[in-house]
1. I'm trying to understand the selection: among the residues of the stretch 121-180, which are under 28 Å from MET264 (Cβ atoms), of a type in the set (Ser, Thr, Tyr) and not in a helix (DSSP H, G or I)?
2. Conditions first: (1) in the same structural domain as GLY135 (by TED's automatic domain parsing); (2) assigned to a helix (DSSP H, G or I); (3) within 22 Å of the chain's Cα centre (by Cα). SER23 passes all but one, so which condition is the exception?
3. Kindly list, by first and then second residue, each pair from a residue in the stretch 63-90 that is outside the structural domain of ALA102 (by TED's automatic domain parsing) and in a helix (DSSP H, G or I) to a residue that is modelled with pLDDT of 95 or more and crowded, with 16+ Cβ neighbours inside 10 Å, limited to pairs with Cβ atoms under 7 Å and residues at least 6 apart or on different chains.
4. Mind counting the residues in the stretch 20-64 that are among the aromatic types (Phe, Trp, Tyr) and farther than 16 Å from THR239 by Cβ?
5. So which residues in the stretch 1-40 are among the aromatic types (Phe, Trp, Tyr) and surrounded by 11 or more Cβ atoms within 10 Å (Cβ to Cβ), if there are any at all?
6. List the residue pairs whose Cβ atoms are under 7 Å apart, where the first residue sits in the stretch 303-330 and is farther than 18 Å from SER290 by Cα, the second is among the acidic types (Asp, Glu) and more than 16 Å from the ligand (Cβ to nearest atom), and the two are 6 or more positions apart or on different chains.
7. Any idea which of GLY241, GLY234, GLY211 is in a loop (DSSP other than H, G, I, E, B) and small (Gly, Ala, Ser)?
8. Which residues, taken from the stretch 136-174, are more than 16 Å from the ligand (Cβ to nearest atom) and over 21 Å from THR194 (Cβ atoms)?
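The values are calculated or read from the model by the stated rules, or taken from the named source; none is laboratory data. Being a predicted model, the structure only gives us computed values, none of them experimental. Glycine gets a Cβ as well: all are built from the backbone with ideal geometry, and neighbour counts include every protein chain shown.
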Amino acid sequence: MEFQGNITSKLPKTGTTIFTVMSALAAEHGAINLAQGFPDFTCSPKLIDLVTHYMQKGFNQYAPMPGLMKLREKISAKTQELYSAHYHPDTEITITPGGTHALYAAISAFVKEGDEVIVIEPCYDSYVPAIQINGGRPIFAELKYPDYRIDWNQVKKLVNYRTRMIIINTPHNPSGITLGAQDMQKLEKMVKNTEILILSDEVYEHIIFDGLEHQSVARYPNLAERSIIVSSFGKVYHTTGWKMGYVMAPANIMAEFRKVHQFMCFSANTPIQHAIADYMDDKDAYLQLSAFYQEKRDYFLKLIKGSRFKPMPCEGSYFQLLNYGKITQENDVDFAVRLTKENKVASIPTSVFYNKKNDNQVLRFCFAKQNETLEQAAEKLHKL
Ligand SMILES: Cc1ncc(COP(=O)(O)O)c(C=O)c1O
């Protein structure tokens, strides 16, 4: 069966995301999946008990559009404690079905036909299609291999009267770099006296290593007043499949965000919101996450030591970049596919995170895996 009329694609250059493609390839070839970013271990049984409890108690109908107040209050208190920033639970915090939804709703709420949005690539793959479907133009700044730092002079040159938004992401997927206080100060200076909004993707805020501190835009009042912060409970509680996150922004920005959010989903999952609100009392669950993942990063690095893969610096997130230039001169997509099919380890080629498909012979590996998964993968990587 096929529709005989005209279908004009709104996203003619967009295909299926690389994460779906590589995960499917991993399944087809029985490869260890270090491609898509999700843990292969379970979340806390206590959290599952809480969700079950609230389902059994009958909390199974629509939550309020902005989310449960008790959850928003917990988020507000946590943000105050960690970043010394006040977000009013009533008007400045909204619970969303995951970070991706939040990013899309934020872009839809503010980006109009002809607006420019500065995107710093390589970047999470939902940003650009969301901008384009809303008639906006992504304008690309580049994090250059091998240190992946933001060249703020380059970004500054891209700013003009059409610039509606700048998207930042720290800790960063896929590179694993983080933004420092100096980055934030430069950004602050750059947007001063402009109409530019900041969309700050902070879904890895609790996965940051070696004593570094997460530089949330919330810490910087001059940035916070023009910023939409996106967080994801999926990353924090090992529950990416639950699709639960939140957004924080000043009330006038949040009012516009909610206008879109309410018609994309109306509200997020009720029993999970109740459960997370209770579970947030256990501060260690998020405060110990950096130490937990730092151990995983270090274990993965130890395991691949002596192989021909060269690790790049990783300051946060649960991704490790490995350069394979000593193994082959194949392009990164071909090599990632061959690695999956022949060596049975799936990864993500980093060129797919660039508009111009920059190929630095670097693959992204997710280390949010059980130690034995990492051991099996490393054993295979040593054979190359
Ligand atoms: C940088 C970045 N932003 C947003 C998301 C989406 O978060 P969620 O799974 O809550 O939709 C991800 C998930 O991989 C991500 O890596």
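1. Scanning the stretch 121-180 gives TYR124, SER126, THR163, THR170.
2. Failed condition: (1).
3. none
4. 2
5. PHE19, PHE38, listed by residue number.
6. Matching pairs, first to second residue: LEU303/GLU375.
7. After ruling out the rest, the residue left standing is GLY211.
8. GLU142, LYS144, TYR145, PRO146, ASP147, ARG149
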